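Undergrad: Below is the structure I would like to discuss, written out as structure tokens.
Here, each number is a calculation from the coordinates, and none is a lab measurement. As the structure is a prediction and not an experimental result, all values here were calculated from the model. Quick reminder, even Gly has a Cβ in these numbers, built from the backbone with ideal geometry, and neighbours come from all protein chains shown.
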Amino acid sequence: MFLAVRFSPAGWLNGLLLGLTCSTALPAFADTDPNLLTRNTLTGDWGGLRHQMDQSGIKFTGDYSGETAYNADGGLHRSTRYSQNIKLGVQFDLSKLYGLDNAGKVQLTINDRRGNSASEDLVGNRLPIQENYGGLYTRLTELSYERTLFTPALNVKLGYMAMGNDLGGLDSGILCNFMNAGFCGHPLNMSGGSGWTNYPNAHLGVRVKYDLSSSWQLRVAAFNVDPESNGNSSRAWHLGPKHTTGTVVPIELVYKHAGALPGEYKVGYYYDSSNVDRIGSDKEVSGRGGHYLLIDQAVWSSQSSEGRSLHAFGQYSSASEAASPFSKWYGTGVVLYKPFEGRPRDTVALGYGRAVPNPRSREMQQNAALANGTMSPNLDSAEQLIELGYGYQATPWLTLRPNVQYIIEPGAFSGQDIDNALVLGLQVKAVL
């Protein structure tokens, strides 16, 4: 039924987004609880209506993220850039609504993005300094149906959705203790070298999860590949593809273990059946693939302070060198939860990442420079990233994350000689 759906939003939709957003500035009118500092959401319980609707099977969600970045040294220019994302969603629990067993859930999500890019305007690097930048318009991000099928171990979701919601990232959320998109989300060379798309780009697809045991899970999906719809505001409300080039199929094996030192491990492979141009050649590549490994492992847990622990994470991803300008990604780091006794929900995060350009792309840049009678700059073999941030949980619904990013060899992908950049940032997240 999803193939036949086409959205043509009018002014009422933008008005709804504006109204819900502006209502956050007047929380006292949205909740009878006067204590803004202790409730879980900014807009509260709406005088009890929100809780009543949730109990009936209609759950409203929303969040805001704002990311400000100042280039203090190096890069292209000294200045500041700001970007933001507002996400509004509603989930319909059909079992509660209609009194049926295992009727499933319908999820509707809308995103609105605005702002400017520190990477494009100030630094000139490949890995986005602000993870919420890109696709600056209002769009439908998800319209999906999900339910268990035949057995509680089998869960199926189909419809219009982003691939990264269920595959390619760590379920623990440890990577989004960082502001740079090189960490937060899935490794970016997946989208650079296949039809795998970055959130909030969504496509028609189906996702299957099967619990092999209490610790092991298999995930398989198939998504339509439609490059002309990615970042295209005219396609913001069109569920059907404009120009299908193929299908991308990811397969992921997940292992999770509990205990004093819990951990999460993912190994995945993906294949895109699309025919694309081979880098440095007039021939085409028939199909592109890649693989990845993701790890989140607790390495220390305090015996005297509950909730205080140190987690280490690792990322490795390799994409097809025939057609991907971004062939490999390596990432590693640590996150300390509850760094101080009086701050149980604060975090300290330190990460290092290395993004490797495709040697074919580098060779093309060097040949182009020689053809123009200029010398190609002597660049390192990769763009590197170091980020240090502190997550301050100001209230249950508000997180402030000041951070420092150091970008090494910002021009590695563009072939430009750009000085290393020091970027000061602030990420603000609010649960609406």
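Undergrad: For the range 99-193, take the alpha-carbon Rg, divide it by the Kirkwood Rh, and send me Rg/Rh.
TA: Numbers: Rg = 16.8 Å, Rh = 15.8 Å.
Radius of gyration relative to Kirkwood radius: 1.06.
Undergrad: Given DSSP loops and a limit of at most 11 other Cβ atoms within 10 Å, what is the longest stretch of the chain that contains no such GluC sites (Glu not before Pro)?
TA: The segment 1-305 is the longest one with no such site.
Undergrad: Related question: Please rank 179, 53, 190, fewest neighbouring Cβ atoms within 10 Å first, as an exposure proxy. All intermediate terms of the calculation are to be shown ahead of the outcome.
TA: Working: 179 28, 53 14, 190 31.
By the 10 Å Cβ count, ascending, the order reads 53, 179, 190.
Undergrad: Please arrange 283, 242, 87 by how many other C-beta atoms lie within 10 Å of their C-beta, fewest to most.
TA: Working: 283 9, 242 12, 87 20.
Starting with the residue having the fewest Cβ neighbours, the order is 283, 242, 87.
Undergrad: At 0.36 nm per residue, and after removing the present C-alpha to C-alpha distance, how many nm does the segment from residue 281 to residue 218 gain when stretched out fully?
TA: 18.9 nm
Undergrad: From Cα coordinates alone, what are the radius of gyration and Dmax values for the chain in angstrom?
TA: Answer for the chain, Rg first and Dmax second: 22.3, 74 Å.
Undergrad: Follow-up question, since we're still on this one. Which FRET efficiency value, to the nearest 0.05, is calculated for residue 36 and residue 114 with the Förster distance at 30 angstrom and r the Cβ-Cβ distance?
TA: On the way: r = 25 Å, r/R0 = 0.84.
E between residue 36 and residue 114, to the nearest 0.05, is 0.75.
Undergrad: Further question on the same structure: May I ask you to list the aspartates and glutamates whose Cα is less than 14 Å away from that of residue 328, ignoring any residue fewer than eight positions away on the same chain?
TA: 383
Undergrad: Need the list of lysines near residue 96 for cross-linking: C-alpha distance under 18 angstrom, and skip anything on the same chain fewer than eight residues off.
TA: Filter leaves 59, 105.
Undergrad: Straight-line reach from residue 256: which lysines have Cα under 16 Å away, leaving out those fewer than 8 places along the same chain?
TA: 209, 266
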